[in-house]
Amino acid sequence: MPTSRPPPSAGSPLVLPALEALAGPVLVLDAQQRVSAATPEAHERLGATAVRTGTPLPEALALTEGTRGLEALLHHGRQVEATVRAGGQVHVMQVRALALEQGARRLGWVVLLGAETEAEGPGDSAEETFHGMWTRDAGMKRLFRIVEKVARTESSVLVRGESGTGKELVANALHAISERRKGPFRAINCAALPPSLLESELFGHVRGAFTGAVRDSPGHFRLADGGTLFLDEVGEIPLELQGKLLRVLETHTVIPVGGRSPVPVNVRIVAATHRPLRREVEAGRFRADLMYRLRVVPLFLPSLRERRGDVLPLARRFLDELQQSGTRHVERFSPGARRLLESHGWPGNVRELRNVMEYAYVIGEGPVLHEADLPPEFSEPRPPENPAVPVPAPRSPPPPSPSLPSENLDPAELKAALARAGGNRTEAARMLGISRVTLWRRLKAAGNTPKR
Ligand SMILES: Nc1ncnc2c1ncn2[C@@H]1O[C@H](COP(=O)(O)OP(=O)(O)OP(=O)(O)O)[C@@H](O)[C@H]1O
Ligand SMILES: [Mg+2]
């Protein structure tokens, strides 16, 4: 933080000591959202360039939610988060705006800069929330900056990361910041459907194309027209469909199943995969040309193991969320619980952490969250874990072993796998070497239909 105040005779911008006495660091904007005046304290905090008369607000302050944040701030009166880089330091603060109106005429706004939540140098552990993703990790923050940049383009993005690392949240963020945000966002999980169904879900079908096709169906590409289509688990698309998908991406037209004429579509593709597509290409399971078409911009989400500093603060945040609707108030973790949480392998990543916190919140009592409140797998002896090696994810389910036929898995085993995977069915099925559908069926038969 600079310590010397700007000279009162700064001239440009117009400084407003009286306003400062009332409200601290304040910017006054004109009707075009440009800085027209600033209090000395705002000048001090943001630096001279930011408060120069005529600077558009987004140049003076980087709003965490980009243009959406700007709209929320100025048109919906919401408090939003802003980051300012001044004098080699990062300042994070909450900002609010009050509209200045004369009758129906908008004269401008008064923007109040709140107290700083963090003020630390670059590469430090200041926290950041980006479209529902919280972190202190420098790698995650770099990723957010890339997302902001890429969102302004039309390039295809491939998001890679283990289960529960936030791939879908990144896809949502890309859409929300992009020019397409007013258009639809559609997501389709390519692993969840058999090939025949996947084709018609993606490209649509015409009436009579197959038994049961009683009417035309547009398919996800057309439903996402003008917006973004999120192809989740894109590595699972069968080879025969990959060629068709490539054709759609190259020609910007779809031919519905059973149809003849191509229909133009204007869709931005964000795809996600938990396994390296390059390896799938090497194994002959994925077309190289499609991989290059999809991963124009590859984004890598680090696992929770690779950003352990996020574990306890995230756990605390999830607890705070639970406390808003629950009656238990947890003040702290016991040293044992902290140790277990910090050393856990987190195969289900942030989703698993959230589920573990929900479990511990419900199971335990009183103001301290003890190790005994954590799910059973935390107290079971664990094989030595190599933190650098992610959970193995076999491409196709291994053949059922004679001692453990997949159809005969007992419910306790299913539930244990589900707990280990942090409630994530895809991950649990992967661990058991059965399909997600089989897992679902088995759980249902056992009278347990967990939410994801
Ligand atoms: N950085 C984060 N901060 C807060 N919550 C997060 C974060 N990352 C993920 N989550 C939580 O984890 C959940 C899972 O995220 P998401 O669905 O985006 O993961 P994913 O990578 O798509 O997982 P999968 O591969 O299993 O589909 C989210 O609903 C959210 O609650
Ligand atoms: Mg997902």
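All of the numbers you see were taken from the coordinates with simple rules; none came from a lab. Remember, predicted model here, so these are calculated numbers, not experimental data. Cβ coordinates were reconstructed from backbone atoms using ideal geometry, including for glycine residues, and neighbour counts include every protein chain displayed.
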Considering every residue within region 230-247, establish whether at least one is away from ligand 2 (no atom under 16 Å from the Cβ), in a loop (DSSP other than H, G, I, E, B) and among the small types (Gly, Ala, Ser). no
Would you confirm, using the coordinates I've provided, whether residue 107 is farther than 30 Å from residue 420 by Cα, more than 11 Å from ligand 1 (Cβ to nearest atom) and more than 18 Å from the chain's Cα centre (by Cα)? yes
Residues in region 270-302 that are among the aliphatic types (A, V, I, L, M) and closer than 23 Å to residue 140 by Cβ total 9
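Filtering region 154-171 down to residues that are among the charged types (D, E, K, R) and over 17 Å from residue 280 (Cβ atoms), which residue is nearest to ligand 1 (Cβ to nearest atom)?
Within region 154-171, the first condition is being among the charged types (D, E, K, R), and the residues that meet it are 154, 160, 162, 167-168.
Of the ones still in play, those that are also over 17 Å from residue 280 (Cβ atoms) are 154, 168.
Numbers: 154: 22, 168: 3 Å.
By that ranking, first place goes to 168.
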